[in-house]
Amino acid sequence: MTPVLSSLLDDVLRRNAGEPEFHQAAREVLGSLGPVIEANPHYARAAVLERITEPERQLIFRVPWTDDEGTIRVNRGFRVEFNSALGPYKGGLRFHPSVTLGTVKFLGFEQIFKNALTGLPIGGGKGGSDFDPKGRSDAEVMRFCQSFMTELYRHLGEYTDVPAGDIGVGAREIGYLFGQYKRITNRYESGVLTGKGVGWGGSLVRTEATGFGAVVFAQRMLATRGRSFDGARVLVSGSGNVALYAIQKVHQLGGTVVACSDSSGVVYDRDGIDFELLRQLKEVERARLSEYAARRPSAEYRANGDIWALAAETPIDVAIPCATQNELDATAAATLAGNGVAAVVEGANMPCTPEAVQVLRAADVLFAPGKAANAGGVATSALEMQQNASRDAWTFEYAEQRLDDIMTGIHDRCAETAERYGAPGDYVLGANVAGFVRVADAMLALGVI
Ligand code: GLU
């Protein structure tokens, strides 16, 4: 890192004490920007880096709600409106007990560059709460969402800030949040939230988009080395929305996903994961993953198992971490690289630790960072906003074609940028630089704000 960038990073670390995930994300992005900053001194003169690392607005609020026993509970709500140079703040809401301001800032910071890479007019933001939806009844989730939106609504708008889902926030939560927004504002403002049900303003393919998009990105990346998913054996960690549809797309492309996981363990299915059974369990029954093995003779459940360790047991070609941040460490990366894995593709946000990325890079394993590979979700959210604005609803085929084109565009933009900066095949550099330049140029055009 150049002296200018490392002193800037020191400032970011000092001013955002106790936020290790945000530090990690900032270090990674700034680490790629040396050559761009050197070649474009006007970015430094306009303090673009100082501004881009400082959120435009950070909201923290109390969320009181009543559980089914009548006990009053209090959670903390967050929305970090990070950057609106390219469009309204756009990014999901995460409901998980681990959520802190630092988590939301890391996600919001990543979102700026991810959204820029899509080429669509969306700024970056993220939000959430330390509320844990696990084990809560529908009525409790509804009351929580209503209370959360009762504060947040005043900060939202289709031209201002447009949340969506993330971990712990799916179609059910978006429905309750939208209902409360509509009630408070007396406006059917469809474009204020994305990930809506397809019957009331949602877009076809939005549910599948993050997982589908990650696999399309992987397909393009594999093709640069003359490989494909046909006959490939794949590990997909997680079993939420991203993992589920990554699995479906791998199977559509002729590959086999042999394992997935949740926070309690791993399912290894010798015959390949049965997508329909998994979807039924996770989306309809909201069951734990252990239930999958109970219903499928070819599968075994390993409580507390490590999904990446499977690469030492059975041949694996591609690994797609789709669970959560920092789930794949240097040891796991060494197991993957040492056993002939060709590519690691981040379906989740920052699932690989920096040390893991180093190990993969040293072993010449193809690596796709989340801000490029998982951008299909937010890109399809932007397509949902587009349909809402034109009061239209596209077919599945048309929406999927748009998603494919966007993912191919992101892949090519990252690859070309990496090449131009003398680092062919470095998708981390390509994604950070290409995303940054688009936002930085817009910030320059808009003046010092
Ligand atoms: N939470 C998703 C992400 O990490 C999607 C955000 C959105 O659709 O706005 O990109």
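The values are calculated or read from the model by the stated rules, or taken from the named source; none is laboratory data. No experiment lies behind these values; they were computed from the predicted model shown. Quick reminder, even Gly has a Cβ in these numbers, built from the backbone with ideal geometry, and neighbours come from all protein chains shown. Side chains are part of the model used for accessible areas, which takes the heavy atoms of the whole protein and leaves out ligands, DNA and RNA. Shrake-Rupley method; radii C 1.70, N 1.55, O 1.52, S 1.80 Å.
Out of all the residues in segment 159-178, which are within 13 Å of the ligand (Cβ to nearest atom), charged (D, E, K, R) and open to solvent by 30 Å² or more (accessible area, probe 1.4 Å)?
Matches in segment 159-178: Asp166 only.
Scan segment 196-222 residue by residue and report those that are open to solvent by 10 Å² or more (accessible area, probe 1.4 Å) and within 14 Å of the chain's Cα centre (by Cα).
Arg206, Thr207, Glu208, Thr210
Taking the residues in segment 55-111 that are among the hydroxyl-bearing types (Ser, Thr, Tyr) and away from the ligand (no atom under 16 Å from the Cβ) as candidates, determine which candidate is nearest to Thr210 (Cα to Cα).
The residue in question is Thr100.
Among the residues of segment 275-286, count how many are open to solvent by 20 Å² or more (accessible area, probe 1.4 Å) and either touching a residue at least 12 places away in the same chain (Cβ under 8 Å) or in contact with a Leu (Cβ under 8 Å, 6 or more places away or on another chain) (or both).
Count: 5.
Under 24 Å from Gly108 (Cα atoms), more than 16 Å from the ligand (Cβ to nearest atom) and among the polar types (S, T, N, Q): which single residue out of Thr395, Thr417, Thr380 fits that description?
One residue alone meets the criteria, Thr417.
Looking at segment 298-370, what strands (runs of 3 or more DSSP E) fall wholly within it and have at least 3 residues that are open to solvent by less than 60 Å² (accessible area, probe 1.4 Å)?
318-321, 343-345, 366-368
Please count how many residues of segment 371-400 are in contact with a Ser or Thr (Cβ under 6 Å, 6 or more places away or on another chain) and open to solvent by 10 Å² or more (accessible area, probe 1.4 Å).
Counting residues in segment 371-400 that are in contact with a Ser or Thr (Cβ under 6 Å, 6 or more places away or on another chain) and open to solvent by 10 Å² or more (accessible area, probe 1.4 Å) gives 1.
Which members of segment 223-244 meet the condition of being part of a helix (DSSP H, G or I) and open to solvent by less than 10 Å² (accessible area, probe 1.4 Å)?
Ala243, Leu244, listed by residue number.
Looking at Thr66, Thr100, Thr71, Thr118, which is the one that is within 15 Å of Lys371 (Cα to Cα), of a type in the set (Ser, Thr, Tyr) and modelled with pLDDT of 95 or more?
On the way: Thr66 fails: within 15 Å of Lys371 (Cα to Cα); Thr100 fails: within 15 Å of Lys371 (Cα to Cα); Thr71 fails: within 15 Å of Lys371 (Cα to Cα).
The match here is Thr118.
Would you confirm, using the coordinates I've provided, whether Phe144 is open to solvent by less than 20 Å² (accessible area, probe 1.4 Å), part of a helix (DSSP H, G or I) and farther than 19 Å from Arg286 by Cβ?
no
Please pick out the residue among Ala309, Ala246, Ala343, Ala330 that is over 23 Å from the mean Cα position of the chain (by Cα), at pLDDT 95 or above and of a type in the set (Gly, Ala, Ser).
Testing whether each residue is over 23 Å from the mean Cα position of the chain (by Cα), at pLDDT 95 or above and of a type in the set (Gly, Ala, Ser) leaves just Ala309.
Condition first: assigned to a strand (DSSP E or B), of a type in the set (Ser, Thr, Tyr), touching a residue at least 24 places away in the same chain (Cβ under 8 Å) and in contact with a Ser or Thr (Cβ under 6 Å, 6 or more places away or on another chain). Can you find one or more residues in segment 247-257 that meet it?
The answer is no; no qualifying residue exists.
Among (1) in contact (Cβ under 8 Å) with a residue 60 or more places away in the chain; (2) open to solvent by 10 Å² or more (accessible area, probe 1.4 Å); (3) touching a Leu at 6+ places or on another chain (Cβ under 7 Å), where does Leu33 come up short?
Checking Leu33 against (1) in contact (Cβ under 8 Å) with a residue 60 or more places away in the chain; (2) open to solvent by 10 Å² or more (accessible area, probe 1.4 Å); (3) touching a Leu at 6+ places or on another chain (Cβ under 7 Å), the one that fails is (2).
How many residues are farther than 19 Å from Ala348 by Cβ, within 14 Å of the ligand (Cβ to nearest atom) and assigned to a helix (DSSP H, G or I) if we restrict to segment 179-219?
Total meeting the criteria: 2.
Could you tell me how many of the residues in segment 375-409 are assigned to a loop (DSSP other than H, G, I, E, B) and either at pLDDT below 95 or over 21 Å from Pro88 (Cα atoms) (or both)?
Number of matching residues: 3.
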